[in-house]
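Structure first, commentary second.
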Amino acid sequence: MNDQPLSGDALLQRFQALDAFLMRHQALWRPRPFILHRQLPWELDHPELGAWLRERSLEQAEAAHTQPECLPAPAPFPVLASRSAALSRLGQLLQHQAPKLPARFSVDVPGRKWQQLLAFAGSLQFRQTPQHWLDWCAGKGHLGRLLAHDGRPLTCLEHNPQLVHDGRQLSQRLGLAAQHLQQDVLAADASDRIEAQHTPVALHACGDLHVRLMQLASRAGCRQLAIAPCCYNRIDSPDYRPLSAAAQASALQLSLDDLALPLSETVTAGARVRRQRDLSMARRLAFDLLQRELRGVDEYLPTPSLPPAWLMKGFADYCKDLAALKQLPTPAASLDWTRLEAQGWQLLAQVRNLELLRALFRRPLELWLLLDRALYLEEQGFAVRLGSFCPYQLSPRNLLLLAERA
Ligand SMILES: C[S@@+](CC[C@H](N)C(=O)[O-])C[C@H]1O[C@@H](n2cnc3c(N)ncnc32)[C@H](O)[C@@H]1O
């Protein structure tokens, strides 16, 4: 049977199953295998799994990164992987044919982004024909223009003045009657911008920004809306504040670090970005070994984030300069830099492989967060469908909430 989007009773049922899964295995997904944890607490309970993962190479970790559930790792990995896959299963929203638009609509839109926009627009199906689109955190308003290509009214809210300006120009060039308003959607007066006849859409509006939309649209009496959330950790509180009654009743407490877990995959990052990221991390891990020795203290020492130019330095200069920055003793002239550098890469391979266990919980946690939003919207009187709107490879944030009042 094909997977279906979730709706009705299935929303709460799935939420509760995910909640139990995440609660039960917190010890496996909360600790981040980074410098702070030389050994992860769970490795004591599952030494065979820990040792197996630590022996693997960086290339092997990279190959398994987007599909950790396929890894033939020792117990309890396979059982967790199949439970994670079952709980993460979610169908695609029904797609209708996207309108064939003249090429000038996609001017200034990168190819991948345009594909996302078409998929988002193609997934919107409401019983009532939208009267007035409201593009929430619109950027230049590409999504809004795609939806309002037939001349329906469009309001784009965005707080970056440059994007507002550029969006206005793009709409004018297409002869669309769009309003591009500079608006901080978190400000008190944002509620003045949203009206009952609006159909709000939000593509990849971060944490608080899309939550604010759900709250204001509910209050304003909007009949329908569509949200593809992202960056669950961009919130203005130290911990996650659950929205729905079910999530409020859950014992699961989520820190900002936890909220970053669903965002930790790198399907769309290019090879160059990944190489830079690995180099930077391998160096940090090597420096961590060095600083422990220089200080004679076997403890992690926080280091500031460094400008990219630091990665252009040779390894030894990088370490010496960072040691000076942290006011540590000068490394001995006899230090074997080649060996230290290799140790950094070896640690990186271990980190990346150990992360694969955590990765099994990425999608379940994301779905838990989305279902909290879905259940909240249900409490506000909406019927909700939750499904994917585009392939994961096009955007890992490919889940869409469609809400409409009965
Ligand atoms: C990830 S981008 C998404 C833009 C657009 N929806 C898209 O998919 O291309 C998030 C947008 O939210 C805007 N934004 C951030 N904080 C905001 C705020 N407080 N009020 C309004 N817009 C905000 C950013 O400037 C950015 O354009």
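Computed from the Cβ-Cβ distance with R0 of 35 Å, the FRET efficiency linking Glu379 to His96 stands at 0.75.
Here the chain is assigned +1 on the Cβ of each Lys and Arg and -1 on the Cβ of each Asp and Glu. Its dipole about the Cα centre then comes out at about 880 debye. The heavy atoms of Arg339 present about 140 square angstrom of accessible area, all protein chains included, probe 1.4 Å. Both the radius of gyration and Dmax for the stretch 1-141 are 21.5, 60 Å, in that order, over alpha-carbon atoms.
Dividing the helix sum by the residues of the chain, where each DSSP H run of 4 or more adds -39500 (n - 2.57), gives a mean residue ellipticity at 222 nm of -14000 deg cm²/dmol.
Note down the relative contact order for the stretch 14-162 as a percent, whole number, built from C-alpha pairs under 8 angstrom at least six residues apart. Relative contact order here is 14 percent.
Each label point was placed 7 Å from the Cα along the Cα-to-Cβ direction; for Thr330 and Gln39 their separation is 3.7 nm. Could you compute the FRET efficiency for Gln343 and Ala27, with r as their C-beta to C-beta distance and R0 at 35 Å, rounded to 0.05? Here the calculated transfer efficiency is 0.80. With the simple spin-label model, which puts each label point 7 Å out from Cα in the Cβ direction, the Ala245 to Gln4 separation comes to 2.4 nm.
Within the stretch 8-86, report the GluC sites (Glu not before Pro) that DSSP leaves as loop and that have at most 11 other Cβ atoms within 10 Å.
Within the stretch 8-86, the qualifying GluC sites (Glu not before Pro) (loop, at most 11 other Cβ atoms within 10 Å) are Glu55.
Per-residue Karplus couplings for the stretch 81-86, computed as 6.51 cos²θ - 1.76 cosθ + 1.60 with θ equal to phi - 60°, are listed in order as 5, 6, 5, 4, 5, 5 Hz, Gly and Pro entered as x.
In plain terms, the chain from Cys70 to Ala103 could stretch by 7.8 nm, reckoned as 0.36 nm per residue minus the Cα-Cα distance. Comparing Leu394, Leu117, Leu44 in a Gaussian network model of the chain, where Cα atoms under 10 Å apart are tied by springs, the biggest mean-square fluctuation is seen for Leu44. Each Cα pair under 8 Å and six or more residues apart adds its separation to the average, and for the stretch 1-80 the resulting relative contact order is 20 percent.
Taking every protein chain into account, the accessible area of the chain amounts to 47 square angstrom per residue (probe 1.4 Å). Taking a ≥ b ≥ c as the square roots of the eigenvalues of the Cα gyration tensor of the stretch 263-404, is the shape rounded (a/c under 1.5), prolate (a/b larger than b/c) or oblate? Prolate, because a/c is 1.5 or more and a/b exceeds b/c.
Under 21 Å of direct C-alpha separation, and excluding same-chain neighbours fewer than eight residues apart, Lys313 reaches these lysines: Lys326.
Mean-square fluctuations from a GNM of the chain, with a 10 angstrom spring cutoff on Cα atoms, peak among Thr338, Thr66, Thr199 at Thr338.
The GluC sites (Glu not before Pro) found in the stretch 289-392 that occupy coil by DSSP, while having at most 13 further C-beta atoms within 10 Å, are Glu299.
What relative contact order, as a whole-number percentage, does the stretch 288-341 give when Cα pairs under 8 Å and 6 or more residues apart are counted? Over the stretch 288-341, the number comes to 40 percent.
As an exercise, identify the chymotrypsin sites (Phe, Trp or Tyr not before Pro) in the stretch 104-137 lying in DSSP coil whose Cβ has no more than 16 other Cβ atoms within 10 Å. Before the final figure, lay out each step's value.
Numbers: sites: Phe105, Trp114, Phe120, Phe126, Trp133, Trp136; in loops: Phe126.
Listed in order of number, the matching sites are Phe126.
Label zone (Thr129, point 7 Å along Cα-to-C-beta; backbone nitrogen cut-off 13 Å) within the stretch 141-160: 150-153. If you run the Gaussian network model on the chain, springs between alpha carbon atoms under 10 Å, then out of Met312, Met23, Met214 the most flexible one is Met312.
Computing FRET efficiency as 1/(1 + (r/R0)^6) for Arg405 and Glu62, where r is the C-beta to C-beta distance and R0 is 56 Å, gives about 0.75.
Taking a straight Cα-Cα cut-off under 24 Å and skipping sequence neighbours fewer than 8 places away in the same chain, the lysines within cross-link reach of Lys100 are Lys113, Lys140.
The values are calculated or read from the model by the stated rules, or taken from the named source; none is laboratory data. All of these numbers come straight from a predicted model, not from anything done at the bench. Glycine also receives a Cβ, built like all others from the backbone with ideal geometry; neighbour counts cover every protein chain displayed. Note: accessible area is taken over every heavy atom of the protein model, side chains too, but ligands, DNA and RNA are not part of it. Shrake-Rupley method; radii C 1.70, N 1.55, O 1.52, S 1.80 Å.
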